[in-house]
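Report on the following structure.
What follows draws every value from the coordinates through simple rules; no lab data is involved. It should be emphasised that the depicted structure is a prediction, and the values quoted were computed from it without experimental measurement.
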Amino acid sequence: MVITCVEDLQRLARRRVPRMFYDYADSGSWTESTYRANSQDLASIGLRQRVMVDMDNRSLESTMLGQKVSMPVALAPTGLTGMQHADGEILAARAAAKFGVPFTLSTMSICSIEDIAENSPDPFWFQLYVMRDHDFIERLIDRAKAAECSALVLTADLQIIGQRHKDVINGLTVPPNPNVRTVLDLATKWRWCYNMLKTRRRTFGNIAGHVKGVDDLTSLSNWTMTQFDPHLSWDDVKWIKDRWGGKLVIKGIMEPEDAESAVDAGADAIIVSNHGGRQLDGAASSIQALPDIVSAVGSRTEVHMDGGIRSGQDVLKAVALGAQGVYIGRAFLYGLGAMGEEGVTECLNIIQKEMDTTLALCGLRDIQQVDSNILRPGSYPTPSR
Ligand SMILES: Cc1cc2nc3c(=O)[nH]c(=O)nc-3n(C[C@H](O)[C@H](O)[C@H](O)COP(=O)(O)O)c2cc1C
């Protein structure tokens with residue numbers, strides 16, 4: 001199959017990844033309206049074609065959190081990535097390191113913090129979910145420190161979990177409840193099964209073996225699902241920040257008031273994110289929310305964005321509206337599910353090439369020059385106040 005765009009990787013991933021895990025990625029909560037809006041609203045923004053300008057020597061280089069990046073795109077934290085492809089987090093981290101972009105490891109990953117540190121060349125970022133068991137969280141932060149992670153990404157929008165209907169239908173519940181259909185489907189995914197048999201990494205690597213009394217899959221699943229701490233508040237950021245002592249990013253900000261609180265709490269960056277449409281169905285798309293947040297706190301902190309990014313053009317549109325960088329979730333997962341490490345690299349290549357060509361056709365040579373002048377007037381969201 002010839003791969004021309006991220007959607008091609010998605011089609012290949014759908015063929016190769018067991019349905020329950022493919023669906024886990026390709027789904028949003030309830031009616032999926034926010035999930036759809038994330039990419040639809042990006043698609044509806046138009047660009048201005050410019051001509052007769054020197055387009056030689058272009059650069060997409062930028063920084064995120066003061067770190068040099070070959071383009072302003074990071075890999076988003078995604079749970080169960082090692083189920084899209086065996087050893088998925090290691091493969092994605094390696095692809096990101098070779099490309100010169102940050103990789104963010106989820107708390108709910110299959111490969112552990114230590115696995116990534118041992119098997120990938122560059123420092124990576126670690127995403128933290130706060131659990132009721134604060135001792136466990138403190139140890140987790142210490143492990144991320146010991147692994148020399150260069151940023152901690154605190155996710156604020158998943159203390160209660162939104163329902164994705166496909167997961168219920170497929171039995172991707174806690175504990176897992178596979179049905180006849182999911183088992184039969186697994187039998188057709190021989191490549192995935194073969195790779196999975198070769199690895200020992202098939203459980204939540206950051207948790208298994210680190211909590212007393214939690215050793216089999218059922219106790220692990222139950223522990224995990226009852227642990228997300230619904231009490232998490234801005235006051236908690238202080239102890240997390242003190243314990244961590246490094247760069248702190250707060251993820252899941254959709255409203256200017258929360259952006260202000262995040263800055264007051266000492267965030268070095270915030271991520272405008274609705275969790276890829278997987279939490280509050282009916283929330284605005286991320287690109288709609290971005291301008292108000294940039295206008296509220298953009299002079300005081302770095303503003304990043306994720307949600308719906310499927311192309312290099314999408315990245316440029318977010319940068320034009322004030323994002324210092326973006327994260328890709330599903331786009332890299334589709335690459336991973338389709339072709340492992342090579343697929344993640346292909347995804348990054350596609351995005352980079354699309355971004356580079358678009359930059360040139362909009363009449364610019366350096367991503368640092370990008371602002372809302374590249375967008376067609378009237379087609380993009382503006383600050384409401
Ligand atoms: C399969 C999947 C698992 C995810 N798991 C996590 C997670 O463990 N932690 C987290 O902070 N965000 C998680 N997210 C949200 C992503 O970090 C990111 O916000 C979202 O994927 C961005 O939207 P996009 O997929 O359209 O790029 C997950 C998203 C997906 C698709």
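The GNM of the chain, with springs linking C-alpha atoms under 10 angstrom apart, assigns the highest mean-square fluctuation among SER120, SER109, SER59 to SER59.
Rounded, prolate or oblate: which fits region 111-198, taking a ≥ b ≥ c as square roots of the Cα gyration tensor eigenvalues, rounded meaning a/c under 1.5, else prolate when a/b beats b/c? Oblate, since a/c reaches 1.5 and b/c is not below a/b. Counting only the Cα atoms, region 1-149 fills a convex hull of 178 Å³ per residue.
Take every pair of alpha-carbon atoms less than 8 Å apart whose residues are at least six positions apart; their mean separation over the length of the chain yields a relative contact order of 29 percent.
Give the whole-number value, in cubic angstrom per residue, of the convex hull volume spanned by the C-alpha atoms of region 200-320.
So the per-residue Cα hull volume is 166 Å³.
When both bridge partners sit in the chain, DSSP labels roughly 15% of those beta bridges antiparallel.
Counting 0.36 nm for each residue step from SER299 to THR4 and taking away their Cα separation leaves a gain of 102.4 nm.
The lysines whose alpha-carbon is closer than 20 Å to the alpha-carbon of LYS166, local same-chain residues fewer than 8 away aside, are LYS189.
Over 28 Å between Cα atoms: which of LYS238/LYS317; LYS198/LYS353; LYS145/LYS212; LYS145/LYS251 fall into that group?
On the way: LYS238/LYS317 34 Å; LYS198/LYS353 34 Å; LYS145/LYS212 22 Å; LYS145/LYS251 19 Å.
Going by Cα-Cα distance, LYS238/LYS317; LYS198/LYS353 fall outside the 28 Å limit.
Each eigenvalue of the Cα gyration tensor of region 100-251, multiplied by 5 and square-rooted, gives one semi-axis; in descending order these are 28, 20, 14 Å.
Its residues counted as N, the chain yields a C-alpha radius of gyration over 2.2 N^0.38 Å of 0.95. For LYS247, a cut-off of 13 angstrom between C-alpha atoms picks up these aspartates and glutamates, skipping any fewer than 8 places away in its own chain: GLU148, ASP268, GLU302. Relative to the 2.2 N^0.38 Å rule of thumb, region 162-233 has a C-alpha radius of gyration ratio of 1.33.
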